[in-house]
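The structure appears below as C-alpha cells.
The values are calculated or read from the model by the stated rules, or taken from the named source; none is laboratory data. Treat the numbers as computed from the prediction; the structure is a model and nothing was measured. We place every Cβ from the backbone using ideal geometry, glycine too, and count neighbours over all the protein chains shown.
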C-alpha cells in the first residue's frame, strides 16, 4: 500500500513539473524579439504615401542669374522689393569693389510656388542675362521612402514596448530596451533627413550675381608688354641666383673631387704602365 502511495505521489510531481516547464517555455517564446515583416509593412506604408503624393511632386529648385547693370545700388533696391513681395529671405549678401568693376551677389530662399514668378519679375528689369540656369530635382521617391521607413520603425518600436511590459527577466528587458534605443536612433536620423527634404522642397534657392563696370580695362601697348617681359626675366634671374647660393657647397666641392679623381688616375697609370 505504501509503495502505491509513493508511486502516485512521484507521478503527480512529475506531471506538475512538466506543466510548469511547458508554461515557462511558452512565456519565453512570447518574449522573443519580434521578427516583423518589415518589407511588408514598408510596402504598405509606401503604397499609402505614393497615393497621397500622386497629385503633388516633391521638387528641389535651384536657379542662377548673372547680368550687368548700370547702377548696383538701384538694382539691389529693385531685387529687394521683389523679394519682399514674395516673402523670401536673403541667406547670403556679398559685395565687392575692384579696380575696374563692382559686383553684388545675393542668395535668396524663395517659396517654391513663387520661384518661377520671381524670376519672371527680375527678368523684366534685366536687358540681357550673361547666365541664366534653372535646375529642378525630383525627390518624390526619396521623400516617400523616408516617410515609409519612419512609419515602419515607429510600428516596430510600439511592438517592442508591448513586449517590454510582458518581460519578467532582467536580461530580456535589457535586450528589448537596447533594441528600442537602436530603432529610436534610426527614427531620429530619418526624421532629420525628412526635415531637410521638406526645407529644400518648400523653399527654392536663387543665386543672383550682378555687376557694373567702373572703368574700361586699358589695352596693353607693345611697350607695356616689353616691360612685363623684362620684369619676368629679372624674376627668373633672381630665382636662379638664389638656387646657386643654395647649391654653393656642391659647386665648390665638385671641381675639387674631379681634380683628386684625375690625379689618382694618373698615378695609377704611372705605377702600372702596362694597364
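Only one of the listed residues (132, 61, 151, 54) is modelled with pLDDT of 90 or more and out of contact with any strand residue (DSSP E or B) (no Cβ under 6 Å at 6 or more places or on another chain). That residue is 151. Between 253, 194, the distinction of being surrounded by 10 or more Cβ atoms within 10 Å (Cβ to Cβ) and in contact with a helix residue (DSSP H, G or I) (Cβ under 9 Å, 6 or more places away or on another chain) belongs to 194 only.
Scanning region 133-157 for residues that are outside any helix (DSSP H, G or I) and touching a helix residue (DSSP H, G or I) at 6+ places or on another chain (Cβ under 8 Å), which turns out nearest to residue 185 (Cα to Cα)? Only one residue fits best here, namely 139. Filter region 114-124 for residues that are closer than 22 Å to residue 212 by Cα and surrounded by fewer than 15 Cβ atoms within 10 Å (Cβ to Cβ) and give the result. Selection gives 120, 123, 124. Tell me which residues, restricted to region 81-121, are over 30 Å from the mean Cα position of the chain (by Cα) and either outside any helix (DSSP H, G or I) or over 19 Å from residue 59 (Cβ atoms) (or both). Hits for region 81-121 are 81, 82, 84, 85, 97, 98, 99, 100, 101, 102, 121.
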